Amino acid sequence: MDLALLDRTLSERGEPSYRARQVWEWTARGSASYGEMTTLAKPLRTVLAEEVPFSTLEVVTEREARDGTLKVLFRTHDGHPVEAVLMCYRDGRRSLCLSSQSGCPLTCTFCATGTMRFGRNLNASEILDQALHFRRIAPVNHAVYMGMGEPFLNYADVIESARRLPDLGITPRRTTISTVGWMPGLSRFVDEVDEPIRLALSIHAADPELRSELMPVNDRYPLGDVVTECRRYFELRRRKVFVEYVMLAGVNDSPAAARALAALLDSRTFKVNLIPYNPTGTFEGSSRQTIEGFKRELDRARIPATVRLTRGRDIEAACGQLASVR
Ligand code: SAH
């Protein structure tokens, strides 16, 4: 729902200022249409249905993986593709993976999103409409900004959307924004966001040359500066930073690479999440044993580390696989 258009439409009709909040609350709690909003007068519901489309996104396709993961391809009003994913876990966790951009201008070599054409930043309403789509299917309690795009290239709309997620049942502590270390956005996040929204950093290699090869953005914002900024975040906010590290066979998965990663990090600020590589064509994923060996090196250096559970691989819904045209 275009929240700016909603505001305009309501105020043009002379509605009181709390009306927009009312509409939003119904929507955030999973209403499927204006028709269900029984605290609004019927004529007003009719006007809204005509003038403010219930969603800014149109559903193009919906796919369900064997593990129950749901991936939806949406289209914006101007034709840009956007994908989002719902993951359900046995412990009751229902986690949304949201996109912040259509496509991505960064060209990380292992990520499928980087190979599609970059469209544009999504506005806050378009980000929220991804979440609202799933909220209408089931209650949700976690969200990660790990879909298409680099959230900190779209700072204002990402933060605006994240601040509304609690109305859908997703608290700041259960909201994670993941970045490659785009410094302008990262610094603003550190300075401006008081809510305990979690921060995740995609590192993938401690060695500067290798990281630049895998993630060209490293030339612009070197990892050393990014790690320093994360330490400032910890000092200011007392919250750990999650490190994401995709395990690529023969590329970044040696015991020496693990030791270099451990030397770069400290256990006070960081917690590492090792990510099994999801096929996108370019690399081979590290074996189970190699991942375990890598984790052992981190254990030895007392850097906390876990291995990420892979979901939705059979429908290209897993990390790094979101790309609407292939
Ligand atoms: N641009 C942000 C948000 C996207 S998050 C960022 O990069 O952090 C997507 C996560 O999935 C990142 O940690 C990314 O590095 C990881 N990823 C990308 N391609 C992957 C792949 N093929 N297999 C597993 N993880 C991948």
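Computed from the coordinates by the stated procedures, all read-outs in this text should not be read as laboratory data. Model, not experiment: these values are computed from the prediction. For neighbour counting, all protein chains shown are included, and Cβ atoms are generated from backbone atoms with ideal geometry for every residue, glycine included.
Kindly express, to the nearest 10 degrees and within the range 0 to 90, the angle between helix 42-51's C-alpha long axis and the longest C-alpha principal axis of the chain.
Tilt relative to the chain: about 50 degrees.
When you take every Cα atom in the stretch 1-54, what is the radius of gyration, and what is Dmax, the widest Cα pair distance, in Å?
9.8, 26
Using alpha carbon coordinates only, what is the Rg to Rh ratio of the chain, with Rh defined as the Kirkwood radius? Could you put the intermediate results ahead of the total?
Working: Rg = 20.5 Å, Rh = 20.6 Å.
With Rh from the inverse mean 1/r over Cα pairs, Rg/Rh is 0.99.
Using DSSP to call loops (not H, G, I, E or B), can you name the chymotrypsin sites (Phe, Trp or Tyr not before Pro) in the stretch 102-192 whose Cβ has at most 16 other Cβ atoms within 10 angstrom?
Details: sites: F110, F118, F134, Y145, F152, Y155, W182, F189; in loops: F110, F118, W182.
The qualifying sites: there are none.
Helix-only mean residue ellipticity at 222 nm, the chain, DSSP H runs n ≥ 4 weighted -39,500 (n - 2.57), per residue, nearest 500. What is it? Working shown, then result.
Details: 11 runs with 112 residues, N = 326.
Theoretical 222 nm ellipticity from helices: -10000 deg cm²/dmol.
Over the chain, what is the mean sequence separation of C-alpha contacts under 8 Å (at least six apart), divided by residue count, expressed as relative contact order in percent? Don't skip to the end; give the middle numbers.
On the way: 617 pairs, mean separation 51.4, N = 326.
Taking the mean separation of contacting Cα pairs over the length of the chain, I get 16 percent.
Treating the stretch 184-322 as a set of equal point scatterers at the Cα positions, no solvent, please give the Debye-formula log₁₀ I(q)/I(0) at q = 0.14 Å⁻¹.
Debye curve over Cα of the stretch 184-322, log10 I(q)/I(0) at q = 0.14 Å⁻¹: -0.67.
Taking amide H positions as placed 1.01 Å from N in the peptide plane, with prolines and chain starts having none, which residues 5 or more places from L248, or on another chain, fall under 5 Å of its amide H?
Here the answer is D253, S286, since their amide H atoms fall under 5 Å of that of L248.
Lysine pairs in the chain with alpha-carbon atoms under 29 Å apart, 8 or more places apart or on different chains: how many are there?
Numbers: K71/K271; K240/K271; K240/K295; K271/K295.
Lysine pairs, 8 or more places apart or on different chains, close enough: 4.
Pull the list of the chain cysteines that no other Cys approaches to under 4.7 Å, Cβ to Cβ.
C88, C97, C104, C230, C319 - these cysteines have no disulfide-compatible partner (Cβ-Cβ under 4.7 Å) in the chain.
Under 5 Å between amide hydrogens, which residues at least 5 positions from L265 or on another chain qualify, with H placed 1.01 Å from N in the peptide plane?
The list, which skips near neighbours in sequence, is empty: none.
Using the per-residue mean of other Cβ atoms lying within 10 Å as a proxy for protection, in what order, highest first, do the peptides 240-251, 70-81 fall? Walk me through the numbers before you get to the answer.
Working: 240-251: 20.3, 70-81: 17.4.
Order by mean packing, descending: 240-251, 70-81.
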